[in-house]
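Take a look at the structure below.
Every read-out reported here was derived from the displayed coordinates using simple, explicitly stated rules and does not represent laboratory data. Everything numeric here is computed off the predicted structure, so don't read it as measured data. For neighbour counting, all protein chains shown are included, and Cβ atoms are generated from backbone atoms with ideal geometry for every residue, glycine included.
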Amino acid sequence: MFKHSDARKDRLMSQHKPLATALLFALAAVCGQAHAFDSGSTGEDGAFNPTVNTEVQLPENGVLNYTSVNIPPGVVVTFSRNTTNTPVVMLASGSVTISGIIDVSGGDAPASGAAGDGNIGDDGVPGLGGPGGFDGGRGGAASSSPEENISGAGFGPGAAGRSTIHDPGQNTEYACGGSGGGFGSQGGIAGNYSSRCEDDGYSQRGHSYGQPELLPLVGGSGGAGGVGYLNYIGGGGGAGGGAILLASSGTITVDGEILANGGSGGASDGQGAGGAGGSGSGGAIKLMASVIEGEGAITASGGARSSGPDSNYARGGAGGDGRIRLEAESMDRTSGTDPAYTFGEPGPVFVAGMPTVRIASVAGVDAPDQPTGSGDIQLPESTTNPVDVEFETTGIPVGNTVTVRVTPAYGDFNEYISDALSGNETLATASTEVDLPAGPSVLMATVSYEVAEDTQQQALLQQATGGELVKTVSVQTDASGNSKTVLTTRTGRQILLDG
């Protein structure tokens, strides 16, 4: 986010993890021998055997290298997000036993208005995404002006869009709730009197994205905030569930629970109250092992609908489902998951070689190497429009242009196109001039280009398409400190990836 006085800028960088490339087709043919799955763990973090509830601080790359993992009954393990909010990756050279709980769920938004705790300071505040997941949007302001009632959109590839009040200027106006974020399925639409929010597009539900294999790993998206009304701020949006990969060279046993649920939007109530916030989508859970067993719960469901005022007319939309992927050489588990999992033999743990785009500076102020998503760039109050925005890319052919979207905290966005990228595919740069609105705003940059057939990048990208040729790539940064990449194959199939 940017502030044009006390200014802030968010930018998204792709975070790439090392990938040990294995020629599996060649190895499998040698002497007809079977080769057990290798998680790639270095074992440098030793054995993980917590005996009390434990919050693990994620390293900057998000990867934990254990020899074994054993979480006993009654113990809950959570994770503290790192500065770039990567997913949780737990690699083990030995066995993994989950008899307690691993929880990477997204946060709920606090209730607003008379539904809240009397502390108006937290009204409209969104839920915080689980590690690798995305935050919800802010609730709209309390005002008699419909232009000021507009809520904030959620964050993430399947974020729910902002909500607005409907029938402005008429004798009867009703505040729309926020819609739910999407991931494995669409988010739910917000509720309102006579269903006007859904019918007339005043609230935008989050769409689905990603692929069953969860390559690369990405979390759930946030719900939108509810519209503000006369006396109270709208409820904040619930956050998307986080993302976790558990990979074991031996056996993964789940007798307890693994949770990556979406957070609920903030409820709203009271005379002149705004709409309730939309809920976040479920996140991502991926297990990879030689053997998977155990009948414990594995859940990545979306947040439930939040309640609104006026007989729940202004309810928030429910979050969409997350995604669950199980990969093993031997599957001994018989229980289902919520949502239903997809299954396959173990594939690559990471996908490398994704192209990247980043916003390098704004008005001459450099962006930090590791954005926090809050106040990353502060511009002096004396800054005047237009301002220069500079971009850096890797893995993208020169000659392409960058489109940057400038979105205020509330209201509509404007887009600008850069000059052509210059340099080389290892590092290219471009720039453009933009007008920054007064108050906080966010910048999002996108580059789209075609991929030649006989290139190294084509081969790398096909790891995420199941071998299908990629026609075009669209790389985008947004306001949450991560990135997404859309691959369009020669058959027209679109695959949405995390950075």
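Here the extension length gained between Ala360 and Thr342 equals 2.6 nm, from 0.36 nm per residue of separation less the Cα-Cα distance. Backbone phi angles across the stretch 397-405, fed through the Karplus curve with coefficients 6.51, -1.76 and 1.60 (θ = phi - 60°), yield HN-Hα couplings of x, 5, x, 6, 10, 10, 9, 10, 9 Hz in residue order; Gly and Pro are listed as x. In percent, rounded to a whole number, the relative contact order of the stretch 203-284 is 39, using alpha-carbon pairs under 8 Å and six or more apart.
Proximity of backbone amide H atoms, modeled 1.01 Å from N, is registered between Gln204 and Gly161, Ser179 at under 5 Å, excluding neighbours fewer than 5 places apart on the same chain.
The GluC sites (Glu not before Pro) found in the stretch 228-314 that occupy coil by DSSP, while having at most 14 further C-beta atoms within 10 Å, are Glu295. Fully extending the segment from Thr403 to Glu55, taken as 0.36 nm per residue of separation minus the present Cα-Cα distance, adds 121.3 nm. Comparing Cα centroids, the stretch 77-101 and the stretch 230-278 end up 19 angstrom apart. Taking amide H as placed 1.01 Å from N in the peptide plane, the amide H of Phe183 sits under 5 Å from that of Tyr209, Gly320, Asp321, each at least 5 places away or on another chain.
Working note: Karplus 6.51/-1.76/1.60 with θ = phi - 60° gives the stretch 88-97 the couplings 8, 10, 10, 9, 9, 6, x, 7, 10, 10 Hz, where Gly and Pro are set to x. Here r is the Cβ-Cβ distance between Leu469 and Ala47 and R0 is 35 Å; the resulting FRET efficiency, rounded to 0.05, is 0.20. The string of couplings for the stretch 441-453 from the Karplus curve (6.51, -1.76, 1.60, θ = phi - 60°) is 7, 10, 10, 9, 10, 9, 10, 10, 7, 8, 10, 5, 6 Hz, one whole number per residue in order, with x for Gly and Pro.
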